[in-house]
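K.L.:
Quick one: this structure, given as structure tokens, is what I'll be asking you about.
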Amino acid sequence: MQRIGGASAALQTAANTSHAKDRGAERRKEKRKRIERRLWCLRKKRYKLTIKYIRSYTSSMSRSPGRKQENHKISRELFVLTYGALVAQLCKEYEKDEDVNACLDRMGYSIGIRLIDDFLARSAVKKCRSYSETADMIAQVAFKMYLGVTPSVSCNSVTGNEFSLILDKNPLVDFVEELPAERASLCYCNLLCGVIRGALEMVHLAAEVSFLQDRLKGDAVTEIGITFLRKPEDRRHRRNK
Amino acid sequence: MDARFTRGKSPVLERALGRPRSELSLAAFALLFSELVQYCQRRVASVAELQARLAQLGHHVGLRALDALVARERPGRRETKVLGVLLFVKGPLWRALFGREADKLEQANDDERTFYVIEREPVVNTFVSVPRENSSLNCAAFAAGLLEAVLGAAGFPARVSAHWHKGTTLMIKFDEAVIARDKSLEDAEIGGTAGLGGGRDGDSLERDGDTGMWGGDSLEGP
């Protein structure tokens, strides 16, 4: 609006320039016009600055909760103790070990179907071409990401769909001395089996996962066995065609 | 019971209580916690019961977390004052378990037994969205149970509950005996009975008289 006012003022001053004694008045008008223009520019700048400030403030406000989330880590003790509390609660409520194991497996399954999303989002791995690659991925990337350990993989069968992950350090049993005598067949870490099974199912790989050896039961190492159930149509053949 | 001790030495007992070696991903804990809550939810009939169950689980965790933590953070000393243990809770305990200190520690204006630990966003609630019909549910009841176990095991029996106030507030209500004991300890100090207390000093009671930093203003009870 002031620009229009300035323009009309300029027209008016142009019309008045013929008169010599209006020269002083004309100069004053021009000076006033210049000052007004400068003020207008300054106001516009301040307005811009205000907008920029508000925008940056709101974006930083909306970003800061995200920024705090970026460490994405919690203490290992809290996780391990929470898992222990869960198993203890289940043992209190179910009498039979098989029931507890089944319950842990079910819970692990529902964790696994969600964990796979987080895993794929954070690791950005490419599609695995074979079962052995899948087993390697689970051992070297997934376990490392979520439990901080790297089990070793070994292939158990000639057909190439049975693998075992050998865990020499299992963080879930950090605080477990040994199983009580009346719970001799409890699979303490059965949640892990469910997690692996659920995660594999979400990427269309049916598998059976179970504990083959367990240190808590007296074996030398903890061994998780993954058996991939072959799908009716073999995708690998189709790709080779 | 005897068979347990003769079956062979467990490697867990031989390990040194060093600093915790690694941190785990928050996603794993969040999913485990969600399963925990779902499991409890299937077995209860009301919000209060659900919070009680979560508190019970937190209790289990807190009891076991305290010993190792005290051995690491306060070796050779024991907290004997209410203020000392609360500052320990707000600082080292919260940092060791949740990765950051609690935001504020306040005392109620009218009640000397009640304290508040305030957190804008507790770690256990990171991925929890509460539906409207359960709007009084605060999964930080887990943290409340944890805190209750810690305070009880440290010799300061209290009741802790979780509320929606300034984010999440854990309201700690100490027993009468605790406050009375605290007062008598203070009087013993102020009264200058250091001569009598000298005999007790050999028990390595911690005497930090500096009240340190409070957080924020006191507020009225919720």
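The values are calculated or read from the model by the stated rules, or taken from the named source; none is laboratory data. Predicted model, so just to flag it, every value in this text is computed and none were measured. Virtual Cβ from ideal backbone geometry, glycine too; neighbours counted across all protein chains shown.
K.L.:
Is segment B:36-43 home to any residue that is over 22 Å from B:Leu170 (Cα atoms), touching a residue at least 60 places away in the same chain (Cβ under 8 Å) and surrounded by fewer than 16 Cβ atoms within 10 Å (Cβ to Cβ)?
P.N.:
Of the residues in segment B:36-43, the ones over 22 Å from B:Leu170 (Cα atoms) are B:38-39, B:42-43.
Next, from what is left, pick out any that are touching a residue at least 60 places away in the same chain (Cβ under 8 Å): none.
Within segment B:36-43 (the criterion being over 22 Å from B:Leu170 (Cα atoms), touching a residue at least 60 places away in the same chain (Cβ under 8 Å) and surrounded by fewer than 16 Cβ atoms within 10 Å (Cβ to Cβ)), the answer is no, since none of the residues qualifies.
K.L.:
Checking A:Arg106 against (1) away from chain B (no Cβ under 14 Å); (2) among the basic types (Lys, Arg); (3) part of a helix (DSSP H, G or I), which single condition isn't satisfied?
P.N.:
Only one criterion in (1) away from chain B (no Cβ under 14 Å); (2) among the basic types (Lys, Arg); (3) part of a helix (DSSP H, G or I) is unmet by A:Arg106, namely (1).
K.L.:
Scan segment A:111-142 residue by residue and report those that are closer than 20 Å to A:Ser164 by Cβ and touching a helix residue (DSSP H, G or I) at 6+ places or on another chain (Cβ under 9 Å). Write out each step before concluding.
P.N.:
Let us first name the residues in segment A:111-142 that are closer than 20 Å to A:Ser164 by Cβ, namely A:112, A:128, A:130-142.
Scanning segment A:111-142 gives A:Gly112, A:Cys128, A:Ser130, A:Thr134, A:Met137, A:Ile138, A:Val141, A:Ala142.
K.L.:
Just to be sure before I move on: is A:Cys91 in a helix (DSSP H, G or I) and either more than 10 Å from chain B (Cβ to nearest Cβ) or β-branched (Val, Ile, Thr) (or both) in the structure I sent? Steps first, please.
P.N.:
Working: in a helix (DSSP H, G or I): yes; either more than 10 Å from chain B (Cβ to nearest Cβ) or β-branched (Val, Ile, Thr) (or both): yes.
For A:Cys91, the condition - in a helix (DSSP H, G or I) and either more than 10 Å from chain B (Cβ to nearest Cβ) or β-branched (Val, Ile, Thr) (or both) - is met.
K.L.:
Of everything in segment A:174-199, what is in contact (Cβ under 8 Å) with a residue 60 or more places away in the chain, at the interface with chain B (Cβ under 9 Å from one of its Cβ atoms) and touching a Lys or Arg at 6+ places or on another chain (Cβ under 9 Å)? Give them in sequence order.
P.N.:
Across segment A:174-199, the qualifying residues are A:Asp174, A:Phe175.
K.L.:
Let me ask another. So how many residues does segment A:110-135 have that are touching a Cys at 6+ places or on another chain (Cβ under 9 Å), under 29 Å from A:Ser185 (Cα atoms) and not small (Gly, Ala, Ser)?
P.N.:
Of the residues in segment A:110-135, 0 are touching a Cys at 6+ places or on another chain (Cβ under 9 Å), under 29 Å from A:Ser185 (Cα atoms) and not small (Gly, Ala, Ser).
K.L.:
Consider segment B:70-99. How many of its residues are farther than 21 Å from B:Glu119 by Cα and within 14 Å of another protein chain (Cβ to nearest Cβ)? Give the derivation first.
P.N.:
Initial filter on segment B:70-99 (farther than 21 Å from B:Glu119 by Cα): B:70-81.
From what is left, the residues that are within 14 Å of another protein chain (Cβ to nearest Cβ) are B:70-73.
Qualifying residue count for the region: 4.
K.L.:
Identify all residues within segment B:1-33 that are more than 8 Å from every other protein chain (Cβ to nearest Cβ) and either modelled with pLDDT of 90 or more or assigned to a helix (DSSP H, G or I) (or both); write none if there are none.
P.N.:
Result: B:Asp2, B:Phe5, B:Thr6, B:Pro11, B:Glu14, B:Ala30.
K.L.:
Then there is this: Taking segment B:100-112 as the search range and keeping residues that are surrounded by fewer than 18 Cβ atoms within 10 Å (Cβ to Cβ) and more than 12 Å from chain A (Cβ to nearest Cβ), which one is nearest to the chain's Cα centre (by Cα)? Let's see the steps before the verdict.
P.N.:
In the first step, residues of segment B:100-112 are kept if they are surrounded by fewer than 18 Cβ atoms within 10 Å (Cβ to Cβ); the result is B:100-101, B:109-112.
Within this subset, residues satisfying the condition of being more than 12 Å from chain A (Cβ to nearest Cβ) are B:101, B:109-112.
Numbers: B:Glu101: 12, B:Asn109: 21, B:Asp110: 23, B:Asp111: 20, B:Glu112: 18 Å.
Per the stated criteria, the residue is B:Glu101.
Conditions tested, residue by residue: (1) modelled with pLDDT of 90 or more; (2) in contact with a helix residue (DSSP H, G or I) (Cβ under 8 Å, 6 or more places away or on another chain).
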| position | (1), (2) |
| --- | --- |
| A:Phe175 | no, yes |
| A:Cys187 | yes, yes |
| A:Gly198 | yes, yes |
| A:Met202 | yes, yes |
| A:Val209 | yes, yes |
| A:Lys217 | no, no |
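K.L.:
Related question: Scan (1) closer than 22 Å to A:Gly148 by Cβ; (2) at pLDDT below 85; (3) loosely packed, with under 13 Cβ neighbours inside 10 Å for the single condition A:His72 breaks and write down its number.
P.N.:
(3)
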